[in-house]
Structure formats: C-alpha cells, structure tokens
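Dumping the structure here so I can ask a few things about it.
Nothing in this text is a laboratory measurement; each read-out follows from the coordinates by a stated rule. Just so you know, these numbers come straight off a predicted model, no measurement behind them. When we count neighbours, we look across all protein chains shown, and the Cβ atoms used for this are built from the backbone with ideal geometry, even at glycine.
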Amino acid sequence: MLTLAFATVGAAVGSFLNLCIDRLPRGASIVTPRSSCDACGRRLAAVDMIPVISYVALRGRCRTCHEPIPRRVLLVELATGALFGLIHLRFGASLQGVLVCVYAAYLIVTLVIDLEHRRILNKLTYPAIVVALAVAPFMPDRSLLQTLAGGAIGLGVLLLIALVYPGGMGMGDIKLGAFIGLAVGLPGILLALYFSFVLGGLISGLLWLARIIGRRDPIAFGPFLALGALTTLLYGDPLLRWWASRG
Ligand SMILES: [Zn+2]
C-alpha cells in the first residue's frame, strides 16, 4: 500500500520535473507563472495536471487547441512514479530512501535535458554536489573517505576520457561523474561507471546498426551516466555483496 503511495507521489513529482525540464534550460523560473499549454498558451486547470491520468484522459492532447502534448511528459511521470515505488521497496520510508528520491529526481531531469538539449546544467549539478557532500558524514554504511574517493574516481575517470578522446566527453559529464561518485561512494562508483559504459556501448552500437546514427555522430553520454547511477543507487549494495560472495 505504502509503495503505491510512494509511486503516486513520484508521478506528481514527475509532473513538476517536466516543468523543470521545460523551463530550466532557457533560464525561466520554475515557480511562476503557472503551467500553460505550449501551443495555445491557455493556463492549465488543476484537472489538467493530474499526473498520468490527465494525459490518458485527454488522449495526449490539449483540451482547448488539441495540439499533442509531448509524449515525454507522460514518460517522465510514469518513470518517476515507478522509481519512487522501487525506492520504497528497497529502502522503506527511511531518510536514506528520501535522499535517494532527491538524487533520482535530479538524475531524471539531467538525463532528459541532456537528451533534448545536449547540455548538463551547472545550476543543477552544483547544488546536487553540495547535498551529496553535506550528507556524506552521516551515510549509514559508508565512511567519509569512501564517499570522497567515489567522487574523485567519478571525476578522474571521465576527465581522463575527455583528455584522451577530446570532444567525446564534456565538462558537464565530468561534473556529473563527480556527483555520482559522491552519491554512490566507493566501490559503488566502479559499478555505476561499468553500467554506464556497457549501456552506452550497447545502445550506440544498436543505433549505429539500425543506421539511426553514423559512426562519427556524437552521442550524449550524460543519459547513460544517469542510468548507471540510478541502477547503482537502487541495487549497488546487493549486487556488490553478491559479487564479493562469489569470491
Ligand atoms: Zn493548447
């Protein structure tokens, strides 16, 4: 029951994340004005803003002008709802669970903005790094040194790649790597980077095979880093324990 409540809260948070994704890249306020239709500018009523349900009830179109609402709106609401539900299953209603929800919200916004704009915003990454540093001394099953080492490895590995393959990795990716390292610590960061590279390689390989992209097309790496981080935040500890137990 409580998991369902977390998922519902997650979908509502996802609705707010959509607004952040729309406004933050162009430097607009996320507080005012109220949400409106991108096409006709009509202010949305409360009934238009029920996460997931409004989108389905309106069949993905504006009530007034019938222009399609981007499918991403629904995907972000569903994904945030599902993630918050999974976080509750894993961490219960604990402080650590709330912290992972905050990290997940940041990672979702960063992932989608990087996909849509090829940018990773400092004004999101810097506060995320500050939060991760501020909570570092209080992490239950990790020392301060492990957290800082995680951040240094995340930053260092991506910086090294950026130096070896100029153009492949941006400063935004490097700072995101530092945040992820602080968020998951050591050895979690090794797992997060591993997932990111495997996923990035697989997906760009498939896109290339399907001729959707060319061999030299640049691919935003931030989304893969975010996915690797989310997987590690949720299941890193059990995975690492299982790995260690195999000797
Ligand atoms: Zn409209």
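Using the Cα gyration tensor of region 43-173, with a ≥ b ≥ c the square roots of its eigenvalues, what is the shape: rounded (a/c below 1.5), prolate (a/b larger than b/c) or oblate (neither)?
Judged from the Cα gyration tensor, region 43-173 comes out oblate (a/c at least 1.5, b/c at or above a/b).
If r is the Cβ-Cβ distance from I203 to I30 and R0 is 30 Å, what FRET efficiency results, to the nearest 0.05?
Calculated value: 0.50.
Among T80, T8, T32, what is the fewest-to-most ranking by other Cβ atoms within 10 Å?
T32, T8, T80
Pop the C-beta distance of L145 and L239 into the FRET formula with R0 = 22 Å and round what comes out to the nearest 0.05.
Efficiency at R0 = 22 Å is approximately 0.50.
Can you compute the label reach from L163? Point 7 Å from Cα along the Cβ direction, backbone N cut-off under 11 Å, restricted to region 117-154.
none
Give me the extension gain from L44 to L95: residue separation times 0.36 nm, minus the current Cα-Cα distance, reported in nm with one decimal.
15.0 nm
So what J values fall out for region 21-35 if you push phi through Karplus, 6.51 cos²θ - 1.76 cosθ + 1.60 with θ = phi - 60°, rounded to Hz, Gly and Pro as x?
Values, residue by residue: 5, 5, 9, 4, x, 9, x, 7, 5, 9, 9, 10, x, 5, 5 Hz.
Taking each pair of different alpha-carbon atoms in the chain once, compute 1/r for the pair, average those values, and report the inverse of that mean as the Kirkwood hydrodynamic radius in Å to one decimal.
Computed over Cα pairs of the chain, the Kirkwood hydrodynamic radius comes out at 19.2 Å.
Shifting gears a bit: Looking only at A57, A152, A11, which one moves most when the chain is put into a Gaussian network model with springs between Cα atoms under 10 Å?
So, out of A57, A152, A11, the one fluctuating most is A57.
Which order do the peptides 131-142, 205-216 take when ranked by the mean count of other beta-carbon atoms within 10 Å per residue, highest first?
Highest mean packing first, the order is 131-142, 205-216.
OK, next. Cut-off is 10 Å between beta-carbons; in what order do K175, K123 appear when sorted fewest neighbours first?
Final ranking by Cβ density, sparse to dense: K123, K175.
Exposure proxy check: Y235, Y106 ranked by fewest other beta carbons within 10 Å?
Y235, Y106
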